[in-house]
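The values are calculated or read from the model by the stated rules, or taken from the named source; none is laboratory data. Keep in mind that this is a model prediction, so the values were computed, not measured. Glycine also receives a Cβ, built like all others from the backbone with ideal geometry; neighbour counts cover every protein chain displayed. With ligands, DNA and RNA removed, areas are computed over all heavy atoms of the protein, side chains included. Shrake-Rupley method; radii C 1.70, N 1.55, O 1.52, S 1.80 Å.
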Amino acid sequence: MTSPAIKAERLQQRLEAFSHIGATPAGGVNRQALSPEDREARRLLAELAQARGFQVFQDAMANLFIRRSGRDDSLPPLLIGSHLDSQPTGGRFDGALGTLSAFEVLEALEDARLETPGPIEVVAWTNEEGSRFAPGVMGSMAFAGAADPAQWQSLAGSDGASFSGELAATLAALPEAALRPLGTPLSGYIELHIEQGPSLEKEGLAIGVVTGVQGTRWLKVTVTGEAGHAGTTPLPYRRDPMVAAVGMMHQLQASVMPSDADARLTVGRIATIPGSVNAIPKAVTFSLDLRHPLAARLDAIEGEVRTICRVEGEKQGCSVEISMAFDMPPGVFAPGMIDTIEAAAGRLSLPSKKMVSGAFHDALFLARVAPTAMIFVPCRDGISHNEAEHVEPASIRDGARLLLEATIAVADILAKGA
Ligand code: GLV
Ligand code: MN
Ligand code: MN
């Protein structure tokens, strides 16, 4: 037996191969959840797994699991992984890096014939992004028992597709993956991901040891006024929901982030009804993505949103309705896992710091059911959710080496405690 080692070139080639699935002309990927491209990526991963003799499973949410047996296969598995779906104009690394690095870890263990105390499973969670079907992190949320998937049965995607239809097609596209119950027991979870922000690169650090994830709240604001003719309706006769919506967005952008450096507010989607050039819209809807590390501040920001929207709506004689599409409280990871990852980074001489994640991740829900932590690596200029997303080969190698080191360490610790 040799000591297990990451083959950086193999991992790089895999990342390249997956980046061709759903490739966009600008060098990114469009591999949205449960789409034909997502199915193709799952198929490739399953084929790679079977070629190495690993078992492949999926559950009712199409979460995909690749299992390498351990000495005692009755122990609950240690899960490592991330997601394969992307934003509509996403990068090659958001999700794919963690999933394929986890697969590289499994291959490295197999190459070295290293027997782990219990099974290790690579997981690719379904619909982390939430851009086609909202909310995000559906697969891990349902796995952790934090949401009942029945509520999504009649959900339609941003492209009008039926969630249940696409889920069924995705499950059927991988008949060789044996179906297992949703939420099977696990001993722990480690996820490697790009930072998606600028701090590691700016500070010249190889690794972020993630201690938790800030909270996210998605609101949908619907402003209803009166449809009318664009050419014939003078100002006093207008109840234009667009004027009200613009006022709301302007007020919110001017107040929420400038008054709190830790707050984030983003309007990423706007739609009008009927959406005609020469009609005053009857209604305008827009999304609000709110983030903050403190739950109490998220509550306060939501209160501010509600007040500003009511006032701006009243000014235009419009009614306003605000619904919650997603509420993910901030979460903290297991101190023991964090310490183990930090120590592993030290053994590999990788400079690191502890940090809180600004993006949400599947790990947030896994942390509710098992000891969980995350590893971040830098990405160029902190750019993500963008086709220009880039990770240096050295960072890819560092991240995968640390994931391997941490996986072996955590597996041993968990086995001793079992
Ligand atoms: C994850 O994709 C997020 O939006 O934080
Ligand atoms: Mn991601
Ligand atoms: Mn993402």
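Points worth noting:
- Taken over the range 46-77, the criterion of being open to solvent by 60 Å² or more (accessible area, probe 1.4 Å) and acidic (Asp, Glu) is satisfied by Glu47, Asp72, Asp73.
- Positions within the range 334-376 being within 16 Å of ligand 1 (Cβ to nearest atom), within 20 Å of Ala409 (Cα to Cα) and either free of Cβ contacts under 8 Å to residues at least 24 places away in the same chain or open to solvent by less than 20 Å² (accessible area, probe 1.4 Å) (or both), in sequence order: Ala363, Leu366, Met374, Phe376
- Close contacts from the range 398-418, counting a first residue that is under 17 Å from Thr99 (Cβ atoms) and a second that is β-branched (Val, Ile, Thr) and open to solvent by 10 Å² or more (accessible area, probe 1.4 Å), with Cβ to Cβ under 8 Å and a gap of 6+ residues or different chains, come to Ala400/Ile6; Arg401/Ile6; Leu404/Ile6; Ala406/Thr340.
- Scanning the range 82-124 for residues that are of a type in the set (D, E, K, R) and over 15 Å from the mean Cα position of the chain (by Cα) yields Glu104, Glu107, Glu110, Asp111, Arg113, Glu115, Glu121.
Conditions tested, residue by residue: (1) among the aromatic types (Phe, Trp, Tyr); (2) at pLDDT 95 or above; (3) surrounded by fewer than 17 Cβ atoms within 10 Å (Cβ to Cβ); (4) part of a helix (DSSP H, G or I).
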| site | (1), (2), (3), (4) |
| --- | --- |
| Asp381 | no, yes, yes, yes |
| Glu387 | no, yes, no, no |
| Arg401 | no, yes, no, yes |
| Glu405 | no, yes, no, yes |
| Val410 | no, yes, no, yes |
| Lys416 | no, no, yes, yes |
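- For Glu9: the one exception among (1) in a helix (DSSP H, G or I); (2) open to solvent by less than 40 Å² (accessible area, probe 1.4 Å): (2)
- Residues that are touching a strand residue (DSSP E or B) at 6+ places or on another chain (Cβ under 6 Å) and under 16 Å from Val137 (Cα atoms) were ranked within the range 362-372; the one that is nearest to ligand 2 (Cβ to nearest atom) is Asp362.
- The range 93-116, subset within 16 Å of ligand 2 (Cβ to nearest atom) and of a type in the set (Ser, Thr, Tyr), residue surrounded by the fewest Cβ atoms within 10 Å (Cβ to Cβ): Thr99
- Test for Arg43: is it open to solvent by 10 Å² or more (accessible area, probe 1.4 Å) and either part of a helix (DSSP H, G or I) or under 22 Å from Ser395 (Cβ atoms) (or both): yes
- When the range 257-295 is filtered for residues that are farther than 24 Å from Gly130 by Cβ and not charged (D, E, K, R), the ones remaining, listed by number, are Pro258, Ser259, Ala261, Pro274, Ser276, Val277, Asn278, Ala279, Ile280, Pro281.
- Glu392 vs. criteria of a type in the set (D, E, K, R), closer than 30 Å to Pro25 by Cβ and away from ligand 3 (no atom under 16 Å from the Cβ): yes
- Residue satisfying all of: in the range 123-182; open to solvent by 20 Å² or more (accessible area, probe 1.4 Å) and of a type in the set (S, T, N, Q); nearest to ligand 2 (Cβ to nearest atom) among these: Ser158
- Taking the range 90-209 as the region of interest, the helices (runs of 4 or more DSSP H) fully inside it that hold 2 or more residues being free of Cβ contacts under 8 Å to residues at least 12 places away in the same chain are 163-172.
- Within the range 78-92, being more than 10 Å from ligand 3 (Cβ to nearest atom) and open to solvent by 10 Å² or more (accessible area, probe 1.4 Å) holds for Pro88, Thr89, Arg92.
- Residue check for Glu312: touching a residue at least 12 places away in the same chain (Cβ under 8 Å) and assigned to a helix (DSSP H, G or I): yes
- The single condition among (1) away from ligand 1 (no atom under 16 Å from the Cβ); (2) under 15 Å from Thr407 (Cβ atoms) that Phe57 does not satisfy is (2).
- Taken together, the residues in the range 15-40 that are surrounded by fewer than 21 Cβ atoms within 10 Å (Cβ to Cβ) and under 21 Å from Ile396 (Cα atoms) amount to 7.
- The numbered conditions (1) assigned to a helix (DSSP H, G or I); (2) touching a Lys or Arg at 6+ places or on another chain (Cβ under 7 Å) are all true for Asp85 except (1).
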